[in-house]
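Novice: Would you mind keeping the following structure in view while I ask a few things?
The values are calculated or read from the model by the stated rules, or taken from the named source; none is laboratory data. Bear in mind that the values here come from a model prediction, so they are computed numbers and not experimental data. As a convention, Cβ positions derive from the backbone with ideal geometry for all residues, glycine included, and neighbour counts pool all protein chains shown.
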Amino acid sequence: MTTADVHGPIDVLVFEMDPDNATGAIAESLFDLVESGTIRLFDLMVVVKDADGTVTEVELDALEGEVTVAQFSGARSGLIGADDMDDAGALLESGRMAVLIVYENAWAVPFVAAARASGAEVVATSRISAQDIMDTLDALEAEG
């Protein structure tokens, strides 16, 4: 078995922002993760929620800036669909924008391949959100 036959954990990330405050920093950081091989990007979608509650997809090529998510316009595996767009839109306040990303934790592929070659199988995974970790650490610091 080669690492080409193995995948690392796949994550879905949705974050919300004010479209007027969007900068190239997010796209630049994502680009660095892809270029370094840390992650493999499967899908990226940007949606906005209008004042009347309508959720629409923003064409990535239409986004401007020095470094933007437009460079990821080919990242469409089909794993994100209309239902995901609607789900993300339900989380948004009017006038806000969401970025949906599906990515593989490529750094884990050699580890998963080695584990499988040793007869191990992944039987469960879970993810703790960064916000939950920060909240817990803040609470522990306040107690201590």
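Novice: Evaluate the following for G89: is it of a type in the set (G, A, S), modelled with pLDDT of 90 or more, more than 23 Å from I128 (Cβ to Cβ) and not in a loop (DSSP other than H, G, I, E, B)?
Specialist: Here the answer is yes, as G89 does meet what is asked.
Novice: Take the residues of the range 42-67 that are among the β-branched types (V, I, T) and within 13 Å of V99 (Cα to Cα): which is modelled with the lowest pLDDT?
Specialist: V58
Novice: I want to confirm something. Restricting to the range 123-144 and keeping residues that are of a type in the set (V, I, T) and free of Cβ contacts under 8 Å to residues at least 24 places away in the same chain, which single residue is nearest to A75 (Cα to Cα)?
Specialist: Once the filter is applied, the top-ranked residue is I128.
Novice: Would you point out the residue of the range 1-50, among those that are surrounded by 17 or more Cβ atoms within 10 Å (Cβ to Cβ), in contact with a strand residue (DSSP E or B) (Cβ under 6 Å, 6 or more places away or on another chain) and not aliphatic (A, V, I, L, M), that is nearest to L92 (Cα to Cα)?
Specialist: Ranking the qualifying residues of the range 1-50, first place goes to K49.
Novice: While we're here: Only one residue in A70, A4, A120 is modelled with pLDDT of 85 or more and outside any strand (DSSP E or B), so which one is that?
Specialist: Result: A120 is the single residue among A70, A4, A120 that is modelled with pLDDT of 85 or more and outside any strand (DSSP E or B).
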